[in-house]
Amino acid sequence: MCCAARGRRGRAVDVASGNARLIATLGSPITSTSANRPRQPPALEAAGVAADFATAVAARELLVLDAGRLTPSPPSTLVDCTSGSPRVIRVGALAPGALRAIVPSLAMAS
């Protein structure tokens, strides 16, 4: 899975077998695990995603997969690894303390 933020690309490993099969079938990565505008909550249903990104859907630049209503969940923790020291740029479901157990040099974005 990939995401784009602040002009950069990120990669998240998704272990859900259904998603792996979908990616293999499409022959390209899925570019988001959630769909929302910056600093906005994610849409929980396909209709909300399609409405929020209507221009991209109409231009066929965005395909929306309707998997039914999603259960609200915490956002992903985002870590910027593009500089010499990894730093958390968004705290989410995975707490920085848990990451520091693996990466002691982890910093927090200011």
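The numbers here are math on the coordinates, done by the rules we state, and not lab data. Everything quoted here is computed from the prediction, not taken from an experiment. Every residue, glycine as well, gets a Cβ built from its backbone with ideal geometry; the counts of neighbours run over all protein chains shown.
Observations
- Rounded to the nearest 20 debye, the dipole size of the range 33-110 about its Cα centre is 260 debye, using +1 on the Cβ of Lys and Arg and -1 on the Cβ of Asp and Glu.
- With R₀ fixed at 30 Å, the C-beta to C-beta distance from A101 to L63 puts the FRET efficiency at about 0.20.
- When peptides 88-96, 36-44 are sorted by average Cβ neighbour count within 10 Å, with the highest value leading, the order is 88-96, 36-44.
- Residues L44 and C81, FRET efficiency given R0 of 41 Å [Cβ-Cβ distance, rounded to 0.05]: 0.90
- Using the average count of surrounding beta-carbon atoms within 10 Å as a protection proxy, the listed peptides 74-84, 20-30 rank, highest first, as 74-84, 20-30.
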